[in-house]
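Taking it in order: structure first as structure tokens, then the write-up.
The values are calculated or read from the model by the stated rules, or taken from the named source; none is laboratory data. Values in this document were obtained by computation on a predicted structure and should not be read as measured data. Cβ placement follows ideal geometry from the backbone for every residue including glycine, while neighbour counts extend to all protein chains displayed.
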Amino acid sequence: MMAIKEVERTSIMEKVESKTLKQREASEIWGLSLRHTQRLIHAYRDEGPNGLISKKRGKPNPRRVSLMTSNWRPEGKRNVFELRHVEY
């Protein structure tokens, strides 16, 4: 399933492919660098609209800390709030 942003990119990508819109103009519309726009164009040519879907979707953040494996305790949260009031 595509996000709204990706659906909007598809319509602009079709204009780029039909040469009615330049790559630089597309990058300005999207607020991306020209190089990143070119990466998206290559992905669109190789995979079609699915090439515009984020590859990170559905994957957990590798920096996430699980509450089950960490040493987090509710009383630790209170200590943090108490420490922020300590003057140095």
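If only one of Lys55, Lys59, Lys19 is of a type in the set (Lys, Arg), more than 26 Å from Met1 (Cβ to Cβ) and assigned to a loop (DSSP other than H, G, I, E, B), which one is it? So the residue among Lys55, Lys59, Lys19 that is of a type in the set (Lys, Arg), more than 26 Å from Met1 (Cβ to Cβ) and assigned to a loop (DSSP other than H, G, I, E, B) is Lys19. Do we find that Ser27 is polar (S, T, N, Q) and at pLDDT below 75 in this structure? No; evaluated as a whole, the condition is false for this residue.
From Thr37, Thr10, which residue is part of a helix (DSSP H, G or I) and in contact with a Pro (Cβ under 7 Å, 6 or more places away or on another chain)? Even if it seems obvious, please write down each step before you answer.
Working: Thr37 fails: in contact with a Pro (Cβ under 7 Å, 6 or more places away or on another chain).
Going through Thr37, Thr10 in turn, just one is part of a helix (DSSP H, G or I) and in contact with a Pro (Cβ under 7 Å, 6 or more places away or on another chain): Thr10.
For the range 15-44, which positions are free of Cβ contacts under 8 Å to residues at least 12 places away in the same chain and closer than 17 Å to Lys55 by Cβ? Those that are free of Cβ contacts under 8 Å to residues at least 12 places away in the same chain and closer than 17 Å to Lys55 by Cβ: Leu32, His36, Arg39, His42, Ala43. Among the residues of the range 1-21, those identified as among the charged types (D, E, K, R) and either modelled with pLDDT under 80 or closer than 18 Å to Arg39 by Cβ (or both) are Lys5, Glu6, Glu8, Arg9, Glu14, Lys15, Glu17.
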